[in-house]
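Here's the structure, in structure tokens; my notes come after.
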Protein chains: 2
Amino acid sequence: MPPASNIGTSPAFLREIAWNADGLVPAIVQDAETGEVLMMAWMNEPALLKTVETGLTHFHSRSRGRQWLKGETSGHVQHVESIHVDCDADVVLIRARQVGGACHEGYRSCFFRKLAADGSLEVEGRPVFDAGAVYPGGGPSAPTTPSAG
Amino acid sequence: MPPASNIGTSPAFLREIAWNADGLVPAIVQDAETGEVLMMAWMNEPALLKTVETGLTHFHSRSRGRQWLKGETSGHVQHVESIHVDCDADVVLIRARQVGGACHEGYRSCFFRKLAADGSLEVEGRPVFDAGAVYPGGGPSAPTTPSAG
């Protein structure tokens, strides 16, 4: 969706969200074009509000205690097309147009490993970008900033 | 997937899952045919193992402290087609063939409410079954048992 400036600073639906004890809600991001599930990460109220206001997904990093824009390091932002809320209002589903890949390991989706018949996880598909080049040096924020988990 | 009896009782991937402090992992269920995201609920290790063994989704109810088979009341079970794990191994994605509807409110998907331009939530689509008939009386377990939230 385009930046929703007409919504104002406090959309009514934010008051309906059943935030958990830490003030967070899981946000599933789905590719608006292919339907592929790309990632799940956590939002607090400011991150969800920022997502609505800017039309770009923002999340709350529990490990670093701060808000992050998906793609702030990689440029692989997610343009929000729609936001849905589930029956219990404790999970959010965001359909978005993904630039590049959602996963900090270089894959289009974070769900690139599949349970195989022998009980192990096998990689499906190939990376869509070079994670080593996009997140060079493995700096202090590189391993966790763009992670969707 | 068919019941994976060849996997045995302890698939290797279970040891790779990054369970949270409560021993749980969020499990996203996606319609294997349409790609629609149906619900998200929580699994502990026994529930995920039971899901693998039986080919039907099982979850762990935090409020009731017990495992539940999705569809145990409604018959609206989910036949597992595949199980994926994300990069951090702290979210599971299950593609399944959904019988009836996933949502205890009668909708195919629990995400039947969409953020509208005025900041409110509007219902999309129509129920696919009569929730009042499927979960009669609103008994003690009816409101929460089949809930996907």
Excluding A:Trp68 itself, what net charge comes from residues whose Cβ is under 14 Å from its Cβ, given Lys and Arg +1 and Asp and Glu -1? +4
Shielding of B:34-41 by partners, i.e. mean partner chain Cβ atoms within 10 Å per residue? 5
Formal net charge of residues neighbouring B:Ser120 (Cβ-Cβ distance under 12 Å; K, R +1; D, E -1): 0
Highest to lowest packing among A:128-134, B:68-74, B:109-115, scored as the average C-beta count within 10 Å: B:109-115, B:68-74, A:128-134
How would the protein assembly as shown be classified by its alpha-carbon gyration tensor: rounded, prolate or oblate, with rounded meaning a/c under 1.5 and the a/b versus b/c comparison settling the rest? oblate
Counting only other residues whose beta carbon sits under 12 Å from that of B:Leu24, what net charge do I get with K and R as +1, D and E as -1? -2
Pairs of lysine in the protein assembly as shown with Cα under 18 Å and at least 8 positions apart or on different chains: total? 4
Per-residue ³J(HN,Hα) for the stretch B:58-75, Karplus 6.51 cos²θ - 1.76 cosθ + 1.60, θ = phi - 60°, Hz, x for Gly and Pro: 10, 10, 10, 7, 5, 6, 9, x, 8, 7, 9, 7, 4, x, 5, 8, 8, x
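Mind pulling up the Rg/Rh value for chain A? Radius of gyration and Kirkwood radius, both on Cα.
Numbers: Rg = 15.6 Å, Rh = 15.9 Å.
Rg divided by Rh gives 0.98.
Where a number appears in this text, it was derived from the coordinates with a stated rule and is not lab data. Not measured: the values here are computed from a predicted model. Virtual Cβ from ideal backbone geometry, glycine too; neighbours counted across all protein chains shown.
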